[in-house]
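Contents: one structure, followed by commentary.
The values are calculated or read from the model by the stated rules, or taken from the named source; none is laboratory data. Computed from a predicted structure; not experimentally measured. With ideal geometry, Cβ positions are generated from the backbone for all residues, glycine too; neighbour counts draw on all protein chains shown. To get the accessible areas, we keep the full protein, side chains included, count just its heavy atoms, and leave off ligands, DNA and RNA. Shrake-Rupley method; radii C 1.70, N 1.55, O 1.52, S 1.80 Å.
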Amino acid sequence: MMPFVLFSGYLTNVDTFPDWIAWIQYISPIRYGFEASMRNEFTGYHLPINLPDPIKFLNFKLGFTRCMVFLIVTTIMVKIAAVIALKLSMKKFQ
């Protein structure tokens, strides 16, 4: 869980990760949830002149729709994996 949090973009900019380990950010559901919530909160919001736009500052490029689709697909895949694991463990105890 900790690598997902570290590579979500919450603690640092996603473009500052070294290339050899940057792939972790693309399998992190926390990254997609964070980007979707940032886009939901700050798209169309005018910040005061001395504050940078958080979406551009954090280099989020995927978009709200892609993030939500990834989160939905991930949720469905985890639920299917849980059902398969339960079915396999039931056969062991029968």
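Answer yes or no: is there a residue in region 60-69 that is at pLDDT below 85 and touching a Phe, Trp or Tyr at 6+ places or on another chain (Cβ under 9 Å). Within region 60-69, one or more residues are at pLDDT below 85 and touching a Phe, Trp or Tyr at 6+ places or on another chain (Cβ under 9 Å).
Can you name every residue in region 78-92 that is closer than 19 Å to S28 by Cα and either at pLDDT below 95 or more than 19 Å from the chain's Cα centre (by Cα) (or both)? Selection gives V78, I80, A81, A82.
In region 1-57, the qualifying residues are those that are surrounded by 10 or more Cβ atoms within 10 Å (Cβ to Cβ), part of a helix (DSSP H, G or I) and among the polar types (S, T, N, Q), and the one that is nearest to the chain's Cα centre (by Cα) is Q25. Within region 42-65, the set of residues being free of Cβ contacts under 8 Å to residues at least 12 places away in the same chain and either of a type outside the set (S, T, N, Q) or more than 19 Å from V14 (Cβ to Cβ) (or both) comprises G44, Y45, H46, L47, P48, I49, N50, L51, P52, D53, K56, K61. For region 28-50, residues that are more than 15 Å from T74 (Cα to Cα) and of a type in the set (A, V, I, L, M) total 3. Among the conditions (1) open to solvent by 60 Å² or more (accessible area, probe 1.4 Å); (2) outside any helix (DSSP H, G or I), F60 misses just one, which is (1).
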